[in-house]
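Have a look at the structure below before the remarks.
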Amino acid sequence: MPDPRPPIVLAMVGACLLAAGCSAAPAADAPATATSSRAGSGQGGRPTPGCPPLPVLSAPPQRIVTMDGGAAAILVELGLGDRIVGTAATDYFLPFSGEQRAKLDSIPVLDPNRGSTEKVLDARPDVVVGTSNLSFGGFDGTPTVEVLEKAGVKALAACQTQPSPVRDIGQTTKFVTDAATALGVPDAGAKLADRIRAEAGNPATGGDPVPILVLTGVPAPGTPVSTRGGGTLINGVVAQAGGRNLAEDIAAAFAGLSAESIAERDPRAIVVLSGFAKTSDADLLAGVRASPLLAGTTAVRENRIAVLPQSIALTPSVLNGQAVRSVTDLLKRPAA
């Protein structure tokens, strides 16, 4: 029997370069295939830009630069915070608070945005770490792996290693343990990975997955609704919590759903990713509730909507486990 659901109408892979924390993916009509290896093979066997092999270091690095605050937070939790000589993308610090935030705020800031090649090299790092392969040449002005190699600097990136659709946050715990091993603190990596798993809770089992719409902003009338596809980490967050991303059958990082498709698939919950625009969580929630495109969905009628920072839902983060837990709690929330 043919699938009765209206088709997803738009894939916007190129838009991936406009937002932090997304990974390269094929076009919407390309088949989803597993990444064959971490060291430079992408979807469909094509090389993954900016995805270096795990570095082999002759000695533990003394000077580390992080291309985003998410990577910085991971290294701080691994006990390497005093070796970070600079970071970029400090917007990743926003979800943290208390002692964790205080430690992050003490790190020198090379660039509050995406990290220019000049500033990174001026910091004289032994190794540069990022939570996305786009950290290395994917954003304008950022250093490529080749530029770093010529300067004698190692690169370490979190690269997509799971086939689409992503089913859990395993790529996060793998990056944590891989990075910890490469940087000489394997025991700390194993401990942190266990903590993230514990915070996420046991994967949901039994019953049908709850349909969830993932939004990257408030839908605009007359345009496809911007969402994230099955090859992204948020798909794993949603799946591990017991949900099913409405766009999981599309491997592209960014995709668009028609209003008809959303109505037909009827999400029972909505997760809105913040950080793509300077909009408060309250305004995002109010905008989603008021959207005529979503008014008829079960999620809006029962007020089952939550906001998650994109920095803890789209890229490896010490808070990925909490992101899973937040979605789990959302799905258990009674209708309001």
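The values are calculated or read from the model by the stated rules, or taken from the named source; none is laboratory data. In this text the structure is predicted, and so the values were computed from the model without any measurement. All Cβ positions, even for glycine, are placed from backbone atoms using ideal geometry, and neighbour counts span all protein chains on display. Side chains are part of the model used for accessible areas, which takes the heavy atoms of the whole protein and leaves out ligands, DNA and RNA. Shrake-Rupley method; radii C 1.70, N 1.55, O 1.52, S 1.80 Å.
Toward the positive end of the charge dipole of the range 215-336, about the Cα centre and with charges on Cβ (Lys, Arg +1; Asp, Glu -1), which of 311, 321, 280 goes farthest?
Among 311, 321, 280, the one farthest towards the positive end of the dipole of the range 215-336 is 321.
For the range 232-301, rounded, prolate or oblate, judged on the Cα gyration tensor with a ≥ b ≥ c (square roots of eigenvalues), a/c < 1.5 rounded, else prolate if a/b > b/c?
In terms of gyration-tensor shape, oblate.
Quick one: what do you get for the range 55-170 if you divide its Cα Rg by 2.2 N^0.38 Å?
Against the empirical 2.2 N^0.38 Å value, I get 1.04 for the range 55-170.
Between residue 274 and residues 5 or more places away or on another chain, which pairs have amide H atoms under 5 Å apart, with H built 1.01 Å from N, and which residues are they?
So residue 274 has HN proximity to 308, 310.
Placing +1 at every Lys and Arg Cβ and -1 at every Asp and Glu Cβ, with all other atoms neutral, what dipole size does the range 68-158 have around its Cα centre, in debye to the nearest 20?
100
Would you kindly derive the ³J(HN,Hα) couplings of the range 111-123 from the backbone phi angles with the Karplus curve 6.51 cos²θ - 1.76 cosθ + 1.60 (θ = phi - 60°), listing them in order in whole Hz, with x for Gly and Pro?
Result, ordered by residue: 7, x, 9, 9, x, 7, 4, 4, 5, 5, 5, 5, 7 Hz.
Leaving out ligands, DNA and RNA, and with a 1.4 Å probe, what % of the accessible surface on the range 251-290 is carbon or sulfur?
Carbon plus sulfur share of accessible area: 49 percent.
Calculate, for the range 66-130, the solvent-accessible area per residue in square angstrom, rolling a 1.4 angstrom probe over the heavy atoms of the protein chains.
On the way: 2620 Å² over 65 residues.
Ligands and nucleic acids excluded, the result is 40 Å² per residue.
Provide the per residue accessible area, probe 1.4 Å, for the range 248-336, rounded to a whole number of square angstrom.
38
With +1 on each Lys and Arg Cβ and -1 on each Asp and Glu Cβ, how big is the dipole of the range 146-186 about its Cα centre, in debye rounded to the nearest 20? Display every interim value, and only then the final one.
On the way: 4 positive and 4 negative charges, 7 e Å.
Approximately 40 debye in magnitude.
Any idea which of 230, 251, 202 is furthest toward the positive side of the dipole for the range 195-336, if Lys and Arg beta-carbons carry +1 and Asp and Glu beta-carbons -1?
Of the candidates, 202 comes out farthest on the positive side.
Per residue, how much space in cubic angstrom lies within the convex hull of the C-alpha atoms of the range 193-243?
Numbers: hull volume 5.0 nm³, N = 51.
With only Cα atoms used, the range 193-243 gives 98 Å³ per residue.
List the trypsin sites (Lys or Arg not before Pro) within the range 50-130 that DSSP assigns to loop and that have no more than 15 neighbouring Cβ atoms inside 10 Å.
Passing sites in the range 50-130 are 63.
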